[in-house]
Amino acid sequence: MSKQVIAWLCLLGLTSFNVIAEENKIDPFTTIAATVSLQDIEKKLYLADYQNAVYEKNRSTFYHGKPPEAEAEKVKTEVWDTMIENTLLWLVYENEGLENLDRSSIAIEVAEYDDKYADDKRWESMKDNVLAMIERRLIRNKISELMKTKFEQSITVTDQETR
C-alpha cells in the first residue's frame with residue numbers, strides 16, 4: 001500500500017519516490033521526520049512533507065528535475081532548513097496568539113486538488129493523507145509569509161539611520 005501511494009504521488013507530482021520508504025515498508029504519511037517544539041506547542045514534520053518539498057525544489061530548480069550528484073545533498077539540506085524555519089514561525093505565530101489565519105484561500109486550494117483527482121479510483125484511498133499534507137504545506141507557507149511581513153513592518157529604521 002505504501003509503495004502504491006508513493007508511486008501514485010510521483011505521478012501526481014506531489015512527492016518523490018523514496019527508496020528508504022520502500023525498503024523499510026514505512027508509511028511516509030505517518031512517519032514523523034521531526035517534532036519541533038516551542039514551550040507547550042509542537043508541530044510534527046512528516047516524511048511525506050519532506051519528500052514532497054525536496055521533489056518540488058528539484059523540479060523547479062534543475063533540468064529534468066534531477067540535481068547533479070554534488071547538489072543533491074545541498075538541496076535536501078536547504079529544504080530541511082526551510083521546513084524547520086517555517087515550522088518555527090508557525091509555532092511563534094500560535095504562541096503569540098495570532099491564530100486568526102484566513103484559511104479560505106487554503107481551503108479553496110485543497111478543494112481544487114480534491115476536485116482534480118476525484119474521478120480516479122485510487123484517489124479515495126489516499127485522499128485524506130495527501131490533502132492533509134497539502135494543507136500543512138499551505139498553512140506553513142502562508143504563516144511564514146505573514147510572520148516575515150510582520151517582522152519587516154516592525155522595523156522602523158529610516159534610510160538616514162541606516163547610513
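The values are calculated or read from the model by the stated rules, or taken from the named source; none is laboratory data. Since we're looking at a predicted model, the values are computed, not measured. For neighbour counting, all protein chains shown are included, and Cβ atoms are generated from backbone atoms with ideal geometry for every residue, glycine included. When the accessible area is computed, the model is the full protein with side chains, heavy atoms only, and any ligands, DNA or RNA have been set aside. Shrake-Rupley method; radii C 1.70, N 1.55, O 1.52, S 1.80 Å.
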- Query: In segment 65-75, is there at least one residue being at pLDDT 90 or above and open to solvent by 60 Å² or more (accessible area, probe 1.4 Å)?
  - Reply: yes
- Is there any pair linking a residue in segment 145-163 that is closer than 30 Å to L101 by Cα and touching a residue at least 12 places away in the same chain (Cβ under 8 Å) to one that is assigned to a helix (DSSP H, G or I) and of a type outside the set (S, T, Y), with Cβ under 6 Å and at least six apart or on different chains, and which? M147/L89
- Note on the structure: Log entry, pairs with first residue in segment 40-56 being under 15 Å from T87 (Cβ atoms) and among the polar types (S, T, N, Q), second being surrounded by 23 or more Cβ atoms within 10 Å (Cβ to Cβ) and modelled with pLDDT under 90, beta carbons closer than 6 Å, six or more apart or on different chains, reads N52/T15
- Query: Here are some conditions: (1) open to solvent by less than 50 Å² (accessible area, probe 1.4 Å); (2) among the acidic types (D, E); (3) in a strand (DSSP E or B). E42 meets all but one. Which one does it not meet?
  - Reply: (1)
- Task: Name the single residue, out of those in segment 82-105 being open to solvent by 90 Å² or more (accessible area, probe 1.4 Å), of a type outside the set (S, T, N, Q) and farther than 18 Å from I134 by Cα, that is modelled with the lowest pLDDT.
- Result: E99
- Task: Among what's in segment 106-150 and is polar (S, T, N, Q) and open to solvent by 40 Å² or more (accessible area, probe 1.4 Å), pick the residue that is modelled with the lowest pLDDT.
- Result: T149
- Query: Hey, among the residues in segment 89-105 that are outside any loop (DSSP other than H, G, I, E, B) and over 13 Å from the mean Cα position of the chain (by Cα), which one's nearest to E145 (Cα to Cα)?
  - Reply: L89
- Could you check how many residues of segment 106-124 are in a helix (DSSP H, G or I) and without any contact (Cβ under 8 Å) to a residue 12 or more places away in the chain? 8
- Task: Kindly indicate whether Y50 is closer than 18 Å to A132 by Cα, open to solvent by less than 60 Å² (accessible area, probe 1.4 Å) and modelled with pLDDT under 90.
- Result: no
